Structure formats: structure tokens, C-alpha cells
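The values are calculated or read from the model by the stated rules, or taken from the named source; none is laboratory data. Quick caveat: nothing in here was measured; it's all calculated off a predicted structure. For neighbour counting, all protein chains shown are included, and Cβ atoms are generated from backbone atoms with ideal geometry for every residue, glycine included. Heavy atoms of the whole protein, side chains included, go into the accessibility calculation; ligands, DNA and RNA do not. Shrake-Rupley method; radii C 1.70, N 1.55, O 1.52, S 1.80 Å.
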Amino acid sequence: MQLRYDTQLTVNEYISTKAWEKATLSSCPNHPKGGCSLARHGTYTRKCGRGRIARIARWYCADSHTTFSLLPDCLAARMPGSLRQLEQIAAAIEQNQQPLEAMKCFRANADHVDPAAQLSWLARQLPALQRVLVTVCGLLPDVFAGCPPAVLPMRAALDAPWLLSALREHCAEHLHCLPPPLGFFQIRSSTDPPQSANTC
């Protein structure tokens with residue numbers, strides 16, 4: 001199960017300070033009153049381009065057979081890279097840049113540059129982002145009344161320099177039911193094998 005790590009750190013700051021070592025989970029989400037076997041369970045890695053590796057702190061509750069991980073606000077959920085990087089690309093396309101031109105920041109941070117792979121990545125991530133923004137506009141009607149579900153107008157409505165990281169905070173109580181790249185809800189295919197433990 002993925003949980004939010006509330007931090008204002010950028011990806012570079014998160015990696016350089018090894019912020020995963022400072023991450024704490026005060027109680028088990030499945031046993032908020034305590035009494036379970038929640039214990040730190042190491043880390044897993046996330047590639048962030050240019051050879052950079054971020055680690056994500058994990059905990060394990062043996063009583064509920066559940067693994068919990070704390071994803072920092074700078075990283076996208078269930079996809080490579082950062083929320084800021086995806087937002088830059090989406091905002092550039094909204095300003096009528098061609099997709100490959102808009103992906104300059106992606107290429108600058110990627111370990112391998114392959115235009116076909118970049119466009120394939122973009123074809124997956126932009127619709128996912130659009131679905132999230134539509135959902136968020138419905139969740140926060142007072143904030144986004146009359147606002148189209150797009151990065152630039154929603155950023156202006158929040159008066160925030162970066163929309164997606166701000167939405168992690170504004171939608172904190174809904175992240176469990178919001179899809180990636182913002183939220184942590186995972187839609188499982190009917191062909192996925194059953195799991196005895198929740199991991200992420």
C-alpha cells in the first residue's frame with residue numbers, strides 16, 4: 001500500500017539528503033490503535049534519470065500481511081520520474097508546443113534517448129494525467145469552479161507554482177482513491193493473480 005510522504009523536497013534534494021532515512025510511519029494504517037507487528041522493511045529503488053536513484057522507505061505489518069511505502073510528494077506514483085517533470089511537459093503542450101519539443105526536460109533527465117519510446121511514454125501518461133485532473137475538479141468544486149481540467153488554468157486557480165505537488169496536499173485524504181500519477185489507487189486487471197499481501 002502506498003502512502004504519502006509529506007515533503008517539499010525536490011527529487012535532487014530528496015536523493016542528496018537521503019530523505020528516505022528520515023521517513024517515519026508513526027502507526028500502522030491497518031491498526032491505528034497499535035498492538036500489531038509493524039516494523040521497518042528496508043527500501044526499494046526508483047530510477048530518476050541521469051543515473052540517479054531514489055529510495056522509497058517501506059514498513060511491513062505481519063498481522064495484516066501488508067507492506068506500506070512512503071512516496072515523497074516530488075515523485076509520480078506508479079511511473080518513472082517526477083510530478084514536476086510530467087507537469088512541465090503537459091504545460092508545454094497546452095502552450096501548443098509539439099510533443100517531442102515539450103519533452104526536452106524528459107530527454108535532459110533520461111538515461112537513454114529514444115524518440116519512439118518517449119512518444120509511447122507520453123501517450124500513456126498524458127491521458128492518465130487528464131483523468132486525474134478531471135476527477136480533482138469534481139472533488140474540489142469550490143476551488144476549481146468553471147476551471148477546465150488542465151495544468152495551466154488549475155495552477156492559476158490554486159495560485160501555486162507547481163500544480164501536481166500542490167494537489168497532493170489539497171487531495172491528501174483522497175489519494176487512496178485517485179489514480180496515478182497523482183494518487184495511489186491501483187486498478188487491477190481481472191487477469192491479475194490474487195495476492196496474499198498488498199505491496200507497492
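Straight-line cross-link reach from LYS47 at under 12 Å between alpha-carbon atoms covers these aspartates and glutamates, not counting any fewer than eight positions away in the same chain: ASP111. May I ask you to give the percent of accessible area on region 1-151 that is carbon plus sulfur, with a probe radius of 1.4 Å? Its accessible area is 53 percent carbon and sulfur atoms.
Summing Lys and Arg as +1 and Asp and Glu as -1 over all other residues whose Cβ lies under 12 Å from the Cβ of VAL151 gives a net charge of 0. Would you please state which residues of region 152-184 a label at GLN95 would reach in this model, taking the label point 7 Å out along Cα→Cβ and a backbone N cut-off of under 13 Å? Answer for region 152-184: 152-153.
Within the chain, the whole DSSP H helices whose Cα atoms reach 27 Å or more along their own axis and whose mean Kyte-Doolittle score is at least 0.5 are 115-139.
Between ARG124 and LYS104, 0.36 nm times their residue separation minus their Cα-Cα distance comes to what?
Working: separation 20, 0.36 × 20 = 7.20 nm, distance 1.75 nm.
Extra length from ARG124 to LYS104 when fully extended: 5.5 nm.
You can think of it this way: the chain between ARG52 and SER27 has 6.0 nm of extra reach, that is 0.36 nm per residue less the Cα-Cα gap.
Net charge in the neighbourhood of GLN125 (other residues with Cβ under 14 Å of its Cβ; Lys, Arg +1, Asp, Glu -1) is +3. Between the listed residues ALA117, LEU139, PHE185, the Cα displaced farthest toward the positive end of the dipole of the chain, a dipole computed from Cβ unit charges relative to the Cα centre, is found at ALA117.
Along region 25-31 the Karplus relation, 6.51 cos²θ - 1.76 cosθ + 1.60 evaluated at θ = phi - 60°, assigns HN-Hα couplings of 10, 5, 8, 7, x, 7, 9 Hz to successive residues, with x for each Gly and Pro. Using 0.36 nm per residue and subtracting the Cα-Cα separation, the extra length available between ARG78 and ASP6 on full extension is 24.2 nm. Amide hydrogen proximity for SER82: with H placed 1.01 Å from N in the peptide plane, the residues at 5 or more positions away or on another chain lying under 5 Å are ALA76. Legend: calculated FRET efficiency, ARG40 to ARG131, from the Cβ-Cβ distance at R0 = 45 Å, rounded to 0.05, equals 0.85.
By DSSP, the beta bridges lying fully in the chain are antiparallel in about 75 percent of cases. Counted by Cβ distance under 12 Å from CYS171, the other residues give a net charge of -1, where Lys and Arg count +1 and Asp and Glu count -1. Here's how it looks for ASP73: its modeled amide H is under 5 Å from those of TYR5, THR7, which are all 5 or more places away or on a different chain. Take every pair of alpha-carbon atoms less than 8 Å apart whose residues are at least six positions apart; their mean separation over the length of region 35-84 yields a relative contact order of 31 percent. Taken about its Cα centre, the chain carries a charge dipole of roughly 560 debye when the Cβ of each Lys and Arg holds +1 and the Cβ of each Asp and Glu holds -1. Surface analysis of the chain yields an accessible area of 53 Å² per residue, using protein heavy atoms and a 1.4 Å probe. The mean sequence separation of alpha-carbon pairs under 8 Å and at least six residues apart, normalised by the residue count of the chain, gives a relative contact order of 23 percent.
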